[in-house]
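Visitor: Structure provided below as structure tokens; questions to follow.
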Amino acid sequence: MKIVIAPDKFKNSLTGLDFCEIVEKEILTKNSNIEVVQLPLADGGDGTIEVVNFYLKGKIIEITVNNPFFKPVKASYLYSENSKTAFIEMAEASGVKLLDKTEFDCINATTFGTGEMIADAINKGAKTIILGIGGSATNDCGIGMAAALGYQFLDENNNLVKPIGANLSKIKSINASEINQGISNVDFKIACDVTNPLYGKNGAAYVYGAQKGASEKEIILLNKGLEDFAKILNDVFTINVQSVKGAGAAGGMGIASKLFLNGFLEPGIQLVKNLANFDEKIKNTDWIITGEGKLDNQTLSGKTIQGVLESAQKQKINVAAFCGKIEMNQNELYSIGILYADDIMTVAKDFNDAMKNTTKYLKTITKRFVREL
């Protein structure tokens, strides 16, 4: 029998790698003849870098770049010399995690530091760059990132425009003659889990501006800036920007990554699965054990378990889910393809007990599963 263990993390209590080790040990203790394969996954959120490094076997590179307000900040990314692959999270240089809530001010924020991280990876020889664009503090449509890579954004007098969201409407032309030539030698893969258009009521400014510190008046200005800049992009790149799904991700970094980097946007879980060579490694598997902190109706919105189910169904592999808490009934679980499910809340006294003793209770529900086998 072959079992693949492919979980996400249990937020604030257990990493995906820890889950794999615990479950494998319990399975083999009960039956040493079972072949167990660890394939931890992530969907591009917190903890993704640790999972990516499980496959890349790279090292952490730390550099000083510009934060969202052009102040120096130390940022790190993952780089594998063997595969010439870098994994960069824009939140490291351009994210809300760097700021106090009182500092959120996306209309004046820039993605310049993210561009500096990309430039550093290119200079190190990266041939593939995976860029995670979650958690941004910005709404500059990626002009900061592009400016750090040599793109020049010019106003009506051919003067350089400071690359922040407030200035998008001032841009009248783009000069690409000075861009970093290494860009064309890199395969950019962009982890993008939203489908928002660039502008409009479902666009970057209206949907995400307020949570990044924009006032109602600023949201209107940012949206106008995105709409005005889209016209420039449409002309320069011969594209209908507004038709691109995910263009509005991370304050417009979705479309910026596609156009300025020639990047390919896809869900974070799919990128990690590709990195793991997931569909190949699960061949001839009897069961896939997956899991995450909470299993509910949001699970099918680009989360890790959805990615596992899609692959499993193609190869007709049974799926078991071990979770912290399950908020779906048996019929709902069957309907999405989960044949066996168990959660820690069925054995813990309460939530605090579950969080404190996650490892202990994960062992318990693993033993129950093995007995069922």
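Values quoted throughout were computed directly from the atomic coordinates according to the rules given, and no laboratory measurement underlies them. Please read these numbers as outputs of a predicted model, since none were measured by experiment. As a convention, Cβ positions derive from the backbone with ideal geometry for all residues, glycine included, and neighbour counts pool all protein chains shown.
Visitor: Could you pull out the trypsin sites (Lys or Arg not before Pro) across region 221-314 that fall in loop regions by DSSP (anything but H, G, I, E, B) with no more than 13 other Cβ atoms inside 10 Å?
Guide: K245, K283
Visitor: Using the eigenvalues of the Cα gyration tensor, what equivalent ellipsoid semi-axes result for region 48-266 when each is taken as the square root of five times the eigenvalue, whole Å, largest first?
Guide: 26, 19, 16
Visitor: Could you give me D for region 16-163, from Stokes-Einstein at 4 °C and 1.567 mPa s, where the hydrodynamic radius is the Kirkwood radius over C-alpha pairs? Units µm² s⁻¹, please.
Guide: 76
Visitor: Related question: Tell me, what is a quarter of the convex hull surface for the C-alpha atoms of region 42-117, in nm² with one decimal?
Guide: 5.3
Visitor: Could you give the angle, 0 to 90 degrees to the nearest 10, between helix 358-372's Cα long axis and the longest principal axis of the Cα atoms of the chain?
Guide: The answer is roughly 50 degrees.
Visitor: With a cut-off of 8 Å between alpha carbons and a minimum separation of six or more residues, what is the relative contact order of region 48-266 in percent?
Guide: 19
Visitor: Give me log10 I(q)/I(0) at q = 0.07, 0.10 Å⁻¹ for the chain, Debye formula, one equal scatterer per alpha-carbon, no solvent.
Guide: Once normalised to I(0) and log-transformed, intensities are -0.34, -0.67.
Visitor: Hey, another quick one. Percent relative contact order of the chain, based on C-alpha pairs within less than 8 angstrom and at least six residues apart?
Guide: For the chain, the relative contact order is 18 percent.
Visitor: Here's a follow-up. Exposure proxy check: T111, T358, T290 ranked by fewest other beta carbons within 10 Å? Present the calculation step by step, with values, prior to reporting the outcome.
Guide: Working: T111 35, T358 21, T290 27.
Going from sparsest to densest Cβ surroundings: T358, T290, T111.
Visitor: In percent, what relative contact order does region 182-294 have, based on Cα pairs under 8 Å that are 6 or more apart in sequence? Present the calculation step by step, with values, prior to reporting the outcome.
Guide: On the way: 133 pairs, mean separation 39.4, N = 113.
Relative contact order comes out at 35 percent.
Visitor: Rank the residues E81, E178, E266, E116 as a footprinting-exposure proxy: fewest other Cβ atoms within 10 Å of their Cβ go first.
Guide: With the sparsest Cβ surroundings first, the list reads E178, E81, E266, E116.
Visitor: Given the DSSP H assignment, sum -39500 (n - 2.57) over each helix run of at least 4 residues in the chain and divide by its residue total; what's the result at 222 nm in deg cm²/dmol, nearest 500?
Guide: -10500 deg cm²/dmol
Visitor: Would you mind putting 199-207, 85-93 in packing order, based on average other-beta-carbon counts within 10 Å, highest first? Intermediate results must be reported in sequence, preceding the final value.
Guide: Numbers: 199-207: 20.9, 85-93: 26.4.
Ranking, from highest mean packing down: 85-93, 199-207.
Visitor: Alpha carbons only, please: Rg and Dmax for region 146-199, in angstrom.
Guide: My reading of the Cα-based Rg and Dmax gives 13.7, 38 Å.
Visitor: Now for a different question. Using Cβ counts within 10 Å as a stand-in for footprinting exposure, how do S173, S311 rank, fewest first?
Guide: Numbers: S173 14, S311 20.
Ascending Cβ contact count within 10 Å gives the list S173, S311.
Visitor: How large is the convex hull of the C-alpha atoms of region 79-205 per residue, in Å³? Walk me through the intermediate numbers first.
Guide: Details: hull volume 14.3 nm³, N = 127.
Hull volume over Cα atoms, normalised by residue count, gives 113 Å³.
Visitor: Moving on. Limiting things to C-alpha atoms, what are the Rg and the maximum Cα-Cα separation (Dmax) for region 222-373, in angstroms?
Guide: 20.8, 63
Visitor: Let me ask you something else. Given the options L160, L265, L226, state which has the largest fluctuation in a GNM of the chain using a 10 Å cut-off (strictly under) for Cα springs.
Guide: Highest fluctuation among the options: L160.
Visitor: So, how do all the Cα-to-Cα distances of region 284-352 break down into 10 Å bins, in percent, from 0 on up?
Guide: 21, 56, 21, 3
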